[in-house]
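Only one structure is covered here, and it is reproduced in the block below.
The values are calculated or read from the model by the stated rules, or taken from the named source; none is laboratory data. Everything numeric in this text was worked out from a predicted model, so none of it was measured. Note: ideal-geometry Cβ built from the backbone for every residue, glycine included; neighbour counts use all protein chains shown. The protein model used for the area step is the full one, side chains on, heavy atoms only, and it has no ligands, DNA or RNA in it. Shrake-Rupley method; radii C 1.70, N 1.55, O 1.52, S 1.80 Å.
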Amino acid sequence: MKPAAFSYHAPKSVEEILSLLSEHGDEAKILGGGQSLIPLMALRLATPSVVIDINGVDDLDYVRTDDNTLQIGALARHRDIEELKGLAEWCPMLLEAIQMVGHVAIRNRGTVVGSMAHADPAAEWPAMALGLEGVIDVVGPSGKRTIAADDFFVSLLTTAIEPGEVATEVRLHLPKGRVGSCFLELARRHGDFAVTGVGTQMSLSSDRECVEDARVVAIGVGQTAVRIREAEDVLVGESPIDELYREAARVVHDTIAPSDDIHATADYRRSIAEVLTRRSLAIAAERARGETANG
Amino acid sequence: MAETYIVKTEVNGKRYQGRAEARTTLADFLRDQLNLTGTHLGCEHGVCGACTILMEGRSIRSCLMFAVQADGKSLETIEGLAESDGTLHPIQEAFSKHHALQCGFCTPGFLMTIIEYLAEGGEADEETIRQRLSGNLCRCTGYQGIVKAVGEVAARSGSAPTSG
């Protein structure tokens, strides 16, 4: 349970990070919050010979908001977002998802961008990026690229970040108005990785009689977090009623392709995703109508 | 010999300096270099919560940070809870009263988690307390006494001062 020896670097700027990455190549690992990397190192599942600790790069330590955008720098901790004033009303799905991330001590230290870059299929943040039109900035030797979340999560623990690049910022689009959202998750214990989780967001027409836009995302049901457009298509243009949520939930059940593992069978995950989708949509719709207090 | 780094920290208001290899966790540094052995290590990979301490007032798992990363930081550990004359912190008194520990191994991590909770003005309701404590594992008590102890102090104070 002791990490193997490594050489340690603590750059002060993004430029220094890039030059260290180009010098050390595949041998190097970026250390952000360390809440995934350090356990892997303690278990010696990861034995990087070079660790680039970015915690001293003050330029990456920020959270900015404007009308409907949340800008999250690479050193922003989960808890920084969780404590944003008004988030429960602005985007309850996001707050609910964050509160499922580990425990407070983990959220005090772990970073949002690090969770994106780690790309665990049961982690909450990648689903939020998929559901909230997320984009990720990565910086490399040839400059900055902005990658849409849809293209960012490639496979199990694999993202579109290329060797020599570092993720510096995530931006999420958090709409306002007649919008409601909800994130629900099943885990064996609070703080554990999700067996399955589902986030939904719905915007309603001015008379509240019609779904104008919808997002359905899920975690723990594949190699990456997934956005389930087939279910969104079922919702858009229809009346927000229980039968519709049931139908969309069935589509989720039939669309996702989870696999068996030690925690749950694929069938069980499909069933859970269906139930969570139905419940989540009902809550999101209530919130969109403004019928219940959010959060 | 592997390269070592000088690490200067303030722990419970007192300044310390030690040397650590880059791979040395903050928990091992506190115990082995600073001889502050009140912080316990259970799993050493961020699951059990026994090594929880406060850094700049926020709870962290000291096994999930390298000592070199704590250079220049202010830390609070279990050693800072009681007064210098031995008077216990109210949460320590409540733990004693409610039999919130048996073997005591997990207790330092629980207490530091609770100190942060109380400092935030944590509520006294059981579900909130249980959720907040869910990152700390205790294998002896069944948690009943721990939850009662937190509830009592939270109800009494609304918020309690952090250690001084």
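Numbers at a glance
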item	result
Chain B: relative contact order as a whole-number percent, Cα under 8 Å and 6+ apart	24
Crossing angle, helix A:14-24 versus chain A [Cα axis fit, 0-90 degrees, rounded to tens]	70
Accessible surface ranking that places the most exposed of B:Glu152, A:Glu83 first, with a 1.4 angstrom probe	A:Glu83, B:Glu152
Cα convex hull volume per residue for the stretch B:90-156 (Å³)	70
Two-site FRET efficiency, A:Thr158 against B:Leu88, from Cβ-Cβ distance with R₀ of 51 Å, rounded to 0.05	0.50
Residues whose placed amide H lies under 5 Å from that of A:Ile30, excluding near-sequence neighbours	A:Ile52
Nearest-10 value in Å² for the accessible area of A:Thr200, using the 1.4 Å probe	0
A:Met100 - accessible surface, heavy atoms, 1.4 Å probe, Å² rounded to 10	50
Magnitude of the charge dipole, chain A, Cβ model with Lys/Arg +1 and Asp/Glu -1, debye to 20	780
Viscosity 0.692 mPa s, 37 °C: Kirkwood-radius Stokes-Einstein D of the stretch A:148-295 over Cα pairs, µm²/s	203
Long-range Cα-Cα pairs in the stretch B:4-79 (distance over 17 Å), rounded percent	32
Sequence-distant residues sharing a close amide H with A:Ala122 (under 5 Å, placed H)	A:Gly220
Partner aspartates and glutamates for A:Lys144 [C-alpha distance under 16 Å; skip if fewer than 8 residues away on the same chain]	A:Glu15, A:Glu16, A:Asp59, A:Glu162, A:Glu165, A:Glu169
Helix A:266-289 axis, angle to chain A major axis (alpha carbon atoms, nearest 10°)	70
The stretch A:179-250 - Rg and Dmax from Cα coordinates, angstrom	13.3, 41
Lysines whose Cα lies under 21 Å from that of A:Lys85, excluding same-chain neighbours fewer than 8 positions away	A:Lys176
Solvent-accessible heavy-atom area per residue, rounded to whole Å², over the stretch B:48-164 at 1.4 Å	41
Total formal charge among the other residues, if their Cβ is under 14 angstrom from that of A:Asp233, Lys/Arg +1 and Asp/Glu -1	-3
For chain A, accessible area per residue (1.4 Å probe, heavy atoms of protein chains only), Å²	42
Average beta carbon contacts from partner chains per residue of A:34-42, 10 Å cutoff	5
Area accessible to solvent at B:Lys14, 1.4 Å probe radius, in Å²	120
Calculated over the protein assembly as shown: convex hull of Cα atoms, volume per residue (Å³)	144
Spin-label proximity, A:Glu15 to the stretch A:134-149 - amide N less than 17 Å from point 7 Å beyond Cα toward beta carbon	A:139-144
Binned Cα-Cα distances of the stretch B:1-134, short to long, each 10 Å bin given as a whole percent	12, 43, 32, 11, 2, 0
